[in-house]
Amino acid sequence: MLNKENIQEEVERTLLSLEGIKRAGANPFLFTRITAKMQDRNGWERITSFISRPVVVVSALLIVLAVNSWAVFGSGTATLAREKESVAVTDIADEYNLAANANYDYENIPNE
Amino acid sequence: MTTETELIEQLKRGNEAAFKTIVEQWKDLVFNTVLGIVQNETEAEDLTQDVFIKVFENISSFKGQSKFSTWLYRIATRTALDHLRSRKRKKRFGSVFSMMGNAKNESDELPDFQHPGVSLDNKERSKILFKAISRLPENQKAAFILNKMEGLSYREISEVLNTTVSAVESLISRANGNLRKQMEEYYRNQ
């Protein structure tokens, strides 16, 4: 274990370890990489800047609302129409005894 | 030979050749500054590219009231410090996940950093010093790196950091005090 004097000496020497430090050299192909990155960013920037335009945002919202409204209210109307149609079909079937199960009700065939 | 002013004017007009010349002339300055702050060569390379992209995109805002190198140092320092903050946030986020058992635990400590420009006989000591530098508060770190690694005077540093010379003196004094304290503890435990 180091004594107090040694510790101070080590600290001073370590603090001086950056004396005469040379500048680190950047990648020699840095400019090529920069231009490639800028081209990539331009592509994404165009997309994001288009999407973030207020007109585009509002239009997208309206479309989503319209689709949702059709899904909620439009499908309700279709169900009602289908139900009405189903009732009409059932009425006709009953009147002419055309219900599917009537042909298989062998146990209850009246004796003629 | 094109002067710096002419180069900047050409860059403002979007001249690619001027941009290339500026990159070639100043890339080591930017890389070395960023590297000293982030202490990772891969990240420093990436950030250096970002710095020059910012230079290209914002050159019209450079009015020539300060030296071009001062402006470059400012962008480089801010970009590097922003990156450190982002790295810290990701680490914090990661440790929240690791508490939930969703991610493997990562060490809080950075790996030892070896600056390529340090002399051979100082390599081991410089690793200890850089570790201590990584724990300094942001402003102290920036001031210390600009002074020790880029050789900037206190006045130049004050222009980069947009502060007073006496504030820079205080930052470097406090940085030295913090570094000493850390290293005393390190050597006491050896």
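The values are calculated or read from the model by the stated rules, or taken from the named source; none is laboratory data. Keep in mind that what you see is a predicted model, and the values were worked out from it rather than measured. Quick reminder, even Gly has a Cβ in these numbers, built from the backbone with ideal geometry, and neighbours come from all protein chains shown.
So, in the stretch A:1-31, of the ones that are polar (S, T, N, Q) and surrounded by 19 or more Cβ atoms within 10 Å (Cβ to Cβ), which residue ends up nearest to B:Lys54 (Cα to Cα)?
A:Ser17
Among the listed residues B:Lys141, B:Lys181, B:Lys131, which satisfies the condition of being at pLDDT 95 or above, farther than 15 Å from B:Gly36 by Cβ and of a type in the set (Lys, Arg)?
Unique residue meeting the criteria: B:Lys181.
Quick one: B:Ile128 ticks every box in (1) at the interface with chain A (Cβ under 8 Å from one of its Cβ atoms); (2) touching a Phe, Trp or Tyr at 6+ places or on another chain (Cβ under 6 Å) bar one, so which box is it?
Going through the list (1) at the interface with chain A (Cβ under 8 Å from one of its Cβ atoms); (2) touching a Phe, Trp or Tyr at 6+ places or on another chain (Cβ under 6 Å), B:Ile128 breaks only (2).
Could we say that A:Trp44 is at pLDDT below 70 and either surrounded by 10 or more Cβ atoms within 10 Å (Cβ to Cβ) or among the hydrophobic types (A, V, I, L, M, F, W, C) (or both) here?
Yes.
Which of the residues belonging to the stretch A:21-42 are in a helix (DSSP H, G or I) and of a type outside the set (Phe, Trp, Tyr)?
Matches in the stretch A:21-42: A:Leu30, A:Thr32, A:Arg33, A:Ile34, A:Thr35, A:Ala36, A:Lys37, A:Met38, A:Gln39, A:Asp40, A:Arg41, A:Asn42.
May I ask you to list the residues in the stretch A:1-20 that are more than 7 Å from every other protein chain (Cβ to nearest Cβ) and not in a loop (DSSP other than H, G, I, E, B)?
A:Lys4, A:Glu5, A:Asn6, A:Gln8, A:Glu9, A:Glu12, A:Leu16
If you take the residues in the stretch B:147-190 that are in contact with a Lys or Arg (Cβ under 9 Å, 6 or more places away or on another chain) and polar (S, T, N, Q), which one is farthest from B:Ile75 (Cα to Cα)?
Per the stated criteria, the residue is B:Gln182.
Being modelled with pLDDT under 95 and hydrophobic (A, V, I, L, M, F, W, C) narrows it down to one of B:Val34, B:Val38, B:Val96, B:Val23, so name that one.
B:Val96
Considering only the stretch B:160-182, state which residues are surrounded by 19 or more Cβ atoms within 10 Å (Cβ to Cβ), more than 11 Å from every other protein chain (Cβ to nearest Cβ) and more than 13 Å from the chain's Cα centre (by Cα).
B:Val168, B:Leu171
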